[in-house]
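Trainee: The structure's right below; bear with me while I get my questions together.
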Amino acid sequence: MSKIQRVAEANLPTEFGLFRIVGFEFPDTKKEHVALVMGDISNSEENPVLARIHSECLTGDALHSLKCDCGFQLSTALRQISEAGRGVLIYHREEGRGIGLINKIRAYSLQDNGMDTIEANLALGFAADERNFKVCADIFELLGICKVRLLTNNPAKIDTMKKAGINVVERIPLNVGENRYNTGYLDTKAKKMGHYIVHDNEKHYLDCPYCQSEIPNKK
Ligand SMILES: Nc1nc2c(ncn2[C@@H]2O[C@H](COP(=O)(O)OP(=O)(O)OP(=O)(O)O)[C@@H](O)[C@H]2O)c(=O)[nH]1
Ligand SMILES: [Zn+2]
């Protein structure tokens with residue numbers, strides 16, 4: 001398979017401030033990914049770049065689903081980059097942990113009948129996680145970034161970056177958006193996939209099963 005290429009770029013004003021959107025494409029498959037870039041990201045060797053690798057989740061990112069934490073993580077990451085005035089969010093277009101949107105809906109249907117997120121993937125004939133994070137290391141490289149402070153709870157992202165030559169100098173936790181519909185999903189990620197999930201009792205989660213708060217977790 002050929003290597004991903006940087007192919008397009010433009011301004012993208014957002015509710016979190018002005019970003020540059022950079023488009024990437026594999027020449028053979030035409031598979032696309034994008035990065036949102038804020039500020040001067042050169043010189044990451046001396047000043048590591050605040051970065052987020054965000055895997056596509058149409059239901060969470062765009063359709064306000066509470067079954068996962070993705071939408072909350074997306075807006076929180078963009079806000080943190082905006083507050084820092086400098087950073088990158090790679091929007092990694094591997095929907096449903098790489099199984100695609102329709103298969104994710106099939107997995108959700110199995111979850112409606114009692115399976116957890118991993119059992120559902122396996123029942124459909126997929127691995128627990130089919131994503132390829134190496135492409136994100138290639139995108140960092142095409143953006144001229146060698147050192148990052150990565151916003152994530154997923155150790156696999158850090159391992160892949162390190163193996164691919166991207167130096168993750170710090171992991172910044174991204175524990176947001178817990179609610180009664182995704183608490184089992186978060187537990188499964190922690191127990192079966194080794195994610196660093198923390199329930200912070202000081203925070204008031206949307207419809208929180210622990211603190212019973214009525215205060216919405218603002219995006
Ligand atoms: N197959 C499948 N994919 C899911 C499910 N719920 C969310 N996803 C996908 O999971 C991906 C996000 O992965 P997560 O495990 O939530 O988080 P992560 O990106 O690995 O780790 P963080 O950096 O901590 O967010 C997105 O592509 C979602 O579409 C599910 O039940 N089944
Ligand atoms: Zn999601």
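Trainee: Out of the residues in segment 172-204 that are surrounded by 14 or more Cβ atoms within 10 Å (Cβ to Cβ) and farther than 24 Å from residue 96 by Cβ, state the one that is modelled with the highest pLDDT.
Mentor: Checking each candidate, the answer is 172.
Trainee: Can you tell me which residue among 83, 141, 94 is modelled with pLDDT of 95 or more and within 9 Å of ligand 1 (Cβ to nearest atom)?
Mentor: Answer to the selection: 94.
Trainee: I'd like the full set of residues that are more than 9 Å from ligand 2 (Cβ to nearest atom) and over 16 Å from residue 152 (Cβ atoms), limited to segment 60-77.
Mentor: Those that are more than 9 Å from ligand 2 (Cβ to nearest atom) and over 16 Å from residue 152 (Cβ atoms): 62, 63, 64, 66.
Trainee: Could I ask something else about it? Of all residues in segment 107-131, which are open to solvent by 40 Å² or more (accessible area, probe 1.4 Å), touching a helix residue (DSSP H, G or I) at 6+ places or on another chain (Cβ under 8 Å) and of a type in the set (D, E, K, R)?
Mentor: Scanning segment 107-131 gives 119, 129, 130, 131.
Trainee: Out of curiosity, is residue 186 farther than 20 Å from residue 40 by Cβ and free of Cβ contacts under 8 Å to residues at least 60 places away in the same chain?
Mentor: no
Trainee: Can you name the residue in segment 144-154 that is open to solvent by less than 20 Å² (accessible area, probe 1.4 Å) and away from ligand 1 (no atom under 11 Å from the Cβ) and is also farthest from the chain's Cα centre (by Cα) among such residues?
Mentor: Result: 145.
Listed here are the residues, each with its yes/no results for (1) touching a Gly at 6+ places or on another chain (Cβ under 8 Å); (2) not acidic (Asp, Glu).
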| site | (1), (2) |
| --- | --- |
| 97 | no, yes |
| 101 | no, yes |
| 108 | no, yes |
| 116 | yes, no |
| 159 | no, no |
| 174 | no, yes |
| 179 | no, yes |
| 188 | no, yes |
| 195 | no, yes |
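Trainee: Which of the residues that make up segment 155-171 are surrounded by 15 or more Cβ atoms within 10 Å (Cβ to Cβ) and more than 14 Å from ligand 1 (Cβ to nearest atom)?
Mentor: Of everything in segment 155-171, those that are surrounded by 15 or more Cβ atoms within 10 Å (Cβ to Cβ) and more than 14 Å from ligand 1 (Cβ to nearest atom) turn out to be 164, 166.
Trainee: Here's another thing I want to ask about it. Looking at residue 97 and the list (1) basic (Lys, Arg); (2) over 15 Å from residue 68 (Cβ atoms); (3) within 13 Å of ligand 2 (Cβ to nearest atom), which single condition is not satisfied?
Mentor: (2)
Trainee: Starting from segment 53-72, keep only residues that are near ligand 1 (Cβ under 7 Å from one of its atoms), then list their pairs with residues that are at pLDDT 95 or above and among the acidic types (Asp, Glu) whose Cβ atoms are within a distance under 6 Å, requiring at least 6 positions of separation or different chains.
Mentor: 55/94; 56/95; 70/61
The values are calculated or read from the model by the stated rules, or taken from the named source; none is laboratory data. Because the structure is predicted, anything quoted here is derived from the model rather than measured. A quick note on method: Cβ atoms are made from the backbone with ideal geometry, for glycine too, and the neighbour counts reach across all protein chains shown. The area values use the complete protein model at the heavy-atom level, side chains included, leaving out ligands, DNA and RNA. Shrake-Rupley method; radii C 1.70, N 1.55, O 1.52, S 1.80 Å.
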